[in-house]
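Trainee: Mind having a look at this structure? Questions to follow.
The values are calculated or read from the model by the stated rules, or taken from the named source; none is laboratory data. As the structure is a computational prediction, the values presented were derived from the model and not from experiment. Cβ placement follows ideal geometry from the backbone for every residue including glycine, while neighbour counts extend to all protein chains displayed.
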Ligand SMILES: Nc1ncnc2c1ncn2[C@@H]1O[C@H](COP(=O)(O)OP(=O)(O)O)[C@@H](O)[C@H]1O
Ligand SMILES: [Mg+2]
């Protein structure tokens, strides 16, 4: 295998690994731009993975699995909203609590329903999102550089992958070209401005959280029935937090979010590739270094080395008028 | 209403029996107010009189506990700002309600976008902004980002927001507080044009000069009450000043003559700016000697708070120097200043003086907790702290006499005594005090006043800031009057109320 083939291989796996990050980071984008921090993305990903695996197993239909994943993630969003918008609770506490609930609930229910130690049963082929071979793949396979790139990176992904990339311009358009987006960005900066403009701050924030749940549902579904064929204990494995890091790294903007997710996905893929291999001169590099890189990069960014990351001004603060 | 009212005073707004409490604070007490259509109606009152609260109720931002609002004679329920906007009311808030990283255009459109997609609305908003700019001289670049604009322009954006929504009634809450005189003049020109076109304007301010310059009618608020309404042409600045500050029962304080010694606190050319860059204290200089009380009088919001905070080391001066016993101290933090013999009783005991969730004994040493007396190394000696608290409780008659009680459960007067005891019992050389008796019952007022005079008689330098003119007059040996950030004059402690009132209003020096 020459270096180019290796590179294409890593790139293909980078794209696959970045998809759950991309859905989740976009999910976080909507809630954070509306001024609601959502540490609970991890938990939403987990419960929606579980729900989609169950639904897909029972119905044998991947789309019903997706629907279940989305609904459950939205339900979690509502709980977060009830705690932090309606009751003005601490958003971080609510999010962390929901992560614990998600981790516990999926194991308990999984064990009760499937008795496989927290796994769900294997989802049949019809209940999964299979890779799609784009037209023309065979025809240009032998073209140098472009051929392998098209065949192994661009083609051969499942439909959710393409939807993920489609969500980037759609998110941008919603945020910057619609009334909902304008209000959403405003409420994350100064809810007082939204309130005095005659718009309900609570309802607006709830709607943002619904969008968050919707996108997080895709992420979980992708993990369970596109990337694998069953739900496995704690299968989100911290991706929700990496997605949050990507969101900060991208300074809360849709297109940079995509680039940050691809970068973090690439680091992950590279770490997998380096597993057990040794570099000349240096020797074997512990993979943990690559796994830590997203966080390290984000810290470097936050420390102000790569421009200023300005979070939405009203983020994390419950809206109260009367002291 | 009688039927023979001339047409021009047909009411645009009537507020009837508006009442509002924030927890224990009675911000509006049974307020009645009638505003004539096509007039500029001023509302004046000191800070905390309840002006903003009343207007925010009219704008649907707060909800009145009681009372009725009528617009053009018809009773309406204003459930939220949307209802107020629909009724033709627009408001420019004291603290602007702008999205700072949005453009002017986006801010103006927010809430009035004209459809689900922005594109269509943008074009018409641009056109409408141009028209408003031409009609009223409200000039701003629609594509400028708000945070990059000077405050004067930001305020214009707020006015444009209201007009864009078709406001017929425009409320401006302390609009000139952040403006330069030239900007204020421009604003007044705009307001006159608006009035001449039939719009009704409510202008809130605590500056009497502005009231006289531009309003047709003026209402005065004091401590949550509407105390008077006058035609501007039929009143005088003197009358308004008196109504605003109010005659308060003069407290009698036994006090001998002062024996001023050497200078202990000295302030030289001190200038303080707030976070917005507005100058709050403007080139202020004065001395306080050992054994004298210097009072700073002024309508709240004229820089006294910032002056105190700068001396206390909480706020960084922009320029100038502060000396304690001859040592330059500007830039030293509050803990360092305490070591130099300065004690500070802050204006707002809830936000600065106390941690309300702490038990009494914890607050009673707060800020001095590093002292050897209260612990060794990193450990606190709780027994010593409690014993110390008990002594203060006995000496200051703090009730209930229980150092383990949560501070929030003490009455305002007793809370204030906790702070006073803590600061005075350190035996400081310089004591600076803000609003020593705000929200404190009569008995405690007398007690606190006595303690302050004891400090003076013990040869300490006392600087006293209070919005209660009586308090200033009865305690101070010398009185400095602050207006618009400057010390506009100095009087002896027996200066008349009238004289001081005029100086506080910026009329006489
Ligand atoms: N949102 C609020 N929550 C609690 N108390 C408030 C609030 N707004 C104002 N107050 C209190 O109500 C009183 C009146 O305040 P305000 O209406 O702002 O006065 P003004 O505008 O005349 O300076 C003050 O004692 C203030 O502390
Ligand atoms: Mg006010």
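Trainee: I'd like the full set of residues that are under 13 Å from residue A:132 (Cβ atoms) and either within 14 Å of the chain's Cα centre (by Cα) or touching a residue at least 40 places away in the same chain (Cβ under 8 Å) (or both), limited to segment A:148-158.
Mentor: Correct list: A:156, A:157, A:158.
Trainee: Let me ask you something else. Quick one: which residue in B:399, B:438, B:404 is surrounded by fewer than 18 Cβ atoms within 10 Å (Cβ to Cβ), part of a loop (DSSP other than H, G, I, E, B) and touching a strand residue (DSSP E or B) at 6+ places or on another chain (Cβ under 7 Å)?
Mentor: When all the criteria are applied, what remains is B:404.
Trainee: Taking the stated definitions as given, is residue B:122 at pLDDT below 95 and within 30 Å of residue B:47 (Cα to Cα)?
Mentor: Values: at pLDDT below 95: yes; within 30 Å of residue B:47 (Cα to Cα): no.
No; evaluated as a whole, the condition is false for this residue.
Trainee: Right, next: Would you mind stating whether residue B:15 is assigned to a strand (DSSP E or B), within 16 Å of ligand 1 (Cβ to nearest atom) and either within 25 Å of residue B:178 (Cβ to Cβ) or in contact with a strand residue (DSSP E or B) (Cβ under 6 Å, 6 or more places away or on another chain) (or both)?
Mentor: Values: assigned to a strand (DSSP E or B): yes; within 16 Å of ligand 1 (Cβ to nearest atom): yes; either within 25 Å of residue B:178 (Cβ to Cβ) or in contact with a strand residue (DSSP E or B) (Cβ under 6 Å, 6 or more places away or on another chain) (or both): yes.
Yes, satisfied.
Trainee: In segment B:355-391, which residues are within 35 Å of the chain's Cα centre (by Cα), assigned to a loop (DSSP other than H, G, I, E, B) and either outside the structural domain of residue B:313 (by TED's automatic domain parsing) or over 20 Å from residue B:338 (Cα atoms) (or both)?
Mentor: B:356, B:357, B:358, listed by residue number.
Trainee: Tell me which strands (runs of 3 or more DSSP E) are completely within segment B:60-118 and hold 3 or more residues being within 24 Å of the chain's Cα centre (by Cα) and within 11 Å of chain A (Cβ to nearest Cβ), or say none if there are none. Spell out how you get there, then give the answer.
Mentor: Details: elements: B:66-71, B:74-76, B:89-92.
Filter on segment B:60-118 gives B:89-92.
Trainee: From B:52, B:56, B:39, grab the single residue that is within 16 Å of ligand 2 (Cβ to nearest atom), within 28 Å of the chain's Cα centre (by Cα) and more than 10 Å from every other protein chain (Cβ to nearest Cβ). First the steps, then the outcome.
Mentor: Numbers: B:56 fails: more than 10 Å from every other protein chain (Cβ to nearest Cβ); B:39 fails: within 16 Å of ligand 2 (Cβ to nearest atom).
The unique qualifying residue is B:52.
Trainee: Then there's this: Checking residue B:158 against (1) assigned to a helix (DSSP H, G or I); (2) within 24 Å of the chain's Cα centre (by Cα); (3) more than 16 Å from ligand 2 (Cβ to nearest atom); (4) within 14 Å of chain A (Cβ to nearest Cβ), which test does it fail?
Mentor: (3)
Trainee: Just wondering, is there one or more residues in segment B:79-96 that are touching a residue at least 12 places away in the same chain (Cβ under 8 Å), out of contact with any strand residue (DSSP E or B) (no Cβ under 8 Å at 6 or more places or on another chain) and within 14 Å of ligand 2 (Cβ to nearest atom)?
Mentor: yes
Trainee: For segment B:22-40, name all the residues that are within 9 Å of ligand 1 (Cβ to nearest atom), over 14 Å from residue B:58 (Cβ atoms) and assigned to a strand (DSSP E or B).
Mentor: B:22, B:25, B:26
Trainee: Could you check segment B:441-456 and list, in sequence order, the residues that are over 16 Å from residue B:344 (Cα atoms) and crowded, with 23+ Cβ neighbours inside 10 Å?
Mentor: Once the filter is applied, which keeps residues that are over 16 Å from residue B:344 (Cα atoms) and crowded, with 23+ Cβ neighbours inside 10 Å, segment B:441-456 yields only B:444.
Trainee: Quickly run through segment B:306-333 and pick out the residues that are touching a strand residue (DSSP E or B) at 6+ places or on another chain (Cβ under 7 Å) and not in a strand (DSSP E or B).
Mentor: Going residue by residue through segment B:306-333, those that are touching a strand residue (DSSP E or B) at 6+ places or on another chain (Cβ under 7 Å) are B:306-308, B:310-312, B:315, B:317-325, B:328-330.
Residues satisfying the conditions are B:306, B:307, B:308, B:310, B:311, B:312, B:315, B:317, B:318, B:325, B:329, B:330.
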